[in-house]
Amino acid sequence: MITDDPGTPGNGHWENNFAIAFEHRPNEWLIDAPAIDLNYGWGEHIQLTLQTSLAILKRSEHGAVAGIGGTEAAVKWRFLDEEHSGFDMSMFPRIIFNVAQSSVRRGLSDAGTRFQIPFQLAKKFGPLGLDCEFGPLGSTVGRSEFLYGVVGGVEVSRKTSIMAEVQATSRMNFDQQTITLNVGWRHKISEHCIWIASLGHEVRSPPDDQLALIGYCGVQVVY
């Protein structure tokens, strides 16, 4: 899902995601294949994160171009635990930058360097889990934005959960909103492997932007 949760892998453990993700607008496909998300637990409450991808852009009447997409480095700190406080809460500051400036020229990643300082909040109600995220998004190019989202998930079996999400970004005055509706699936294949997938669509975007269909399908490897 787009909205992050406060969970961390645990001391010395890895939680790595390998997937294919796409974003489709009229006459355009942007595909991350693979999208790589590496997470390491440093203590019980700290997560170190590195994300990147091989991005492929295909526009109508043009050949496909490929390169390294935006790269993200982040640290998550879960400072409240549900067992002691009644809910989990974390902060997840991150920096998103471009390893190759040619990717910006080709339209494979956004220009400039971006900074996020979002907070995550999670609470369980029996088989139902609720996650929220909110925080500012700054950039060296263009205006700053605010991101926020809510995810609800329910266990439909011992191994399978389904989720629904509303996620949005806007300018700091809550103008020029992009709102996305998303549904997801999580199925435990084995003790160390989980199938994760989602499909969503933007339902609102700034006047100059076209609505996008988004998707994600991959595996999460934990050990």
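The values are calculated or read from the model by the stated rules, or taken from the named source; none is laboratory data. Please read all numbers here as calculations on a predicted model, not as lab measurements. Every residue, glycine among them, receives a Cβ derived from its backbone with ideal geometry; neighbour counts consider all protein chains shown. Protein only, heavy atoms only, side chains kept; ligands, DNA and RNA dropped before computing areas. Shrake-Rupley method; radii C 1.70, N 1.55, O 1.52, S 1.80 Å.
Things worth noting here:
- Taking segment 141-155 as the range and being assigned to a loop (DSSP other than H, G, I, E, B) and open to solvent by less than 50 Å² (accessible area, probe 1.4 Å) as the test, no residue passes.
- Flag for ILE56 being open to solvent by 70 Å² or more (accessible area, probe 1.4 Å) and in contact (Cβ under 8 Å) with a residue 24 or more places away in the chain: no
- Scanning segment 67-80 for residues that are open to solvent by less than 50 Å² (accessible area, probe 1.4 Å) and within 16 Å of ASN98 (Cα to Cα) turns up GLY67, GLY69, GLY70, THR71, GLU72, ALA73, ALA74.
- Qualifying residue in segment 32-53 (condition: more than 16 Å from the chain's Cα centre (by Cα), within 27 Å of GLN101 (Cβ to Cβ) and not in a strand (DSSP E or B)): no
- Cβ pairs under 8 Å, 6+ apart, first in segment 202-223 and among the aromatic types (Phe, Trp, Tyr), second open to solvent by 70 Å² or more (accessible area, probe 1.4 Å) and in a strand (DSSP E or B): TYR216/ILE20; TYR216/LEU199; TYR223/TRP14
- Matching residues in segment 103-123 - criterion: being closer than 30 Å to PHE87 by Cβ and not small (Gly, Ala, Ser): ARG114, PHE115, GLN116, ILE117, PRO118, PHE119, GLN120, LEU121, LYS123
- Residues of segment 1-31 satisfying the condition of being of a type in the set (S, T, N, Q), open to solvent by less than 70 Å² (accessible area, probe 1.4 Å) and either free of Cβ contacts under 8 Å to residues at least 60 places away in the same chain or assigned to a strand (DSSP E or B) (or both): ASN16, ASN17
- Matching residues in segment 172-197 - criterion: being more than 21 Å from TRP14 (Cβ to Cβ) and either among the β-branched types (Val, Ile, Thr) or open to solvent by 90 Å² or more (accessible area, probe 1.4 Å) (or both): MET172, ASN173, PHE174, THR178, ILE179, THR180, VAL183, TRP185
- If you go through segment 90-103 and pick out every residue that is open to solvent by 40 Å² or more (accessible area, probe 1.4 Å) and of a type in the set (A, V, I, L, M, F, W, C), you end up with 4.
- Against the numbered list (1) crowded, with 17+ Cβ neighbours inside 10 Å; (2) assigned to a loop (DSSP other than H, G, I, E, B), ARG158 comes up short only at (1).
- Apart from one condition, LYS159 fits all of (1) of a type in the set (Lys, Arg); (2) more than 18 Å from ASP5 (Cα to Cα); (3) under 19 Å from the mean Cα position of the chain (by Cα); the exception is (3).
- Any chance VAL166 is surrounded by fewer than 18 Cβ atoms within 10 Å (Cβ to Cβ) and hydrophobic (A, V, I, L, M, F, W, C): yes
- Taking the criterion of being assigned to a strand (DSSP E or B) and either modelled with pLDDT under 95 or open to solvent by 70 Å² or more (accessible area, probe 1.4 Å) (or both), the residues of segment 198-215 that qualify are LEU199, HIS201, VAL203, ARG204.
- Positions within segment 112-140 being assigned to a loop (DSSP other than H, G, I, E, B) and open to solvent by 50 Å² or more (accessible area, probe 1.4 Å), in sequence order: ILE117, GLY126, PRO127, THR140
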